């Protein structure tokens, strides 16, 4: 067993056996990689077919949302304008009510003063009239 050629041959045999075992173990891995590559290719084909339609649909949805947002903004502005008009009308109505109250109080005060003056004038003796 001191012969180096035997050791060299034995080493080559072990390396060859190891390489064969590794190659046999790689066969299922290679098959699985092939299957995975086919599946990935099918997925990419499907994405290439469906993705543009999906993008177009998303663009259309975005456009519709933008339009609706504009319409909502216009509606809010309109409601705000109407609300301001109502507020102004209420303030004007309050001013008019206050004016009516002041004028009615003035009229009542004038009527009371007139009645009181008339009563005082009626109660004067006749000779003071002339």
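What to note about this one:
- Condition met for residue 27 (part of a helix (DSSP H, G or I), surrounded by fewer than 10 Cβ atoms within 10 Å (Cβ to Cβ) and out of contact with any helix residue (DSSP H, G or I) (no Cβ under 7 Å at 6 or more places or on another chain)): yes
- Cross-chain or 6+ apart pairs with Cβ under 9 Å, the range 4-29 first and in contact (Cβ under 8 Å) with a residue 40 or more places away in the chain and at positive phi, then surrounded by 10 or more Cβ atoms within 10 Å (Cβ to Cβ) and part of a helix (DSSP H, G or I): none
- Hey, residue 107 at pLDDT 95 or above, surrounded by 10 or more Cβ atoms within 10 Å (Cβ to Cβ) and assigned to a helix (DSSP H, G or I) or not: no
The values are calculated or read from the model by the stated rules, or taken from the named source; none is laboratory data. Computed from a predicted model, the values in this text were never measured in an experiment. We place every Cβ from the backbone using ideal geometry, glycine too, and count neighbours over all the protein chains shown.
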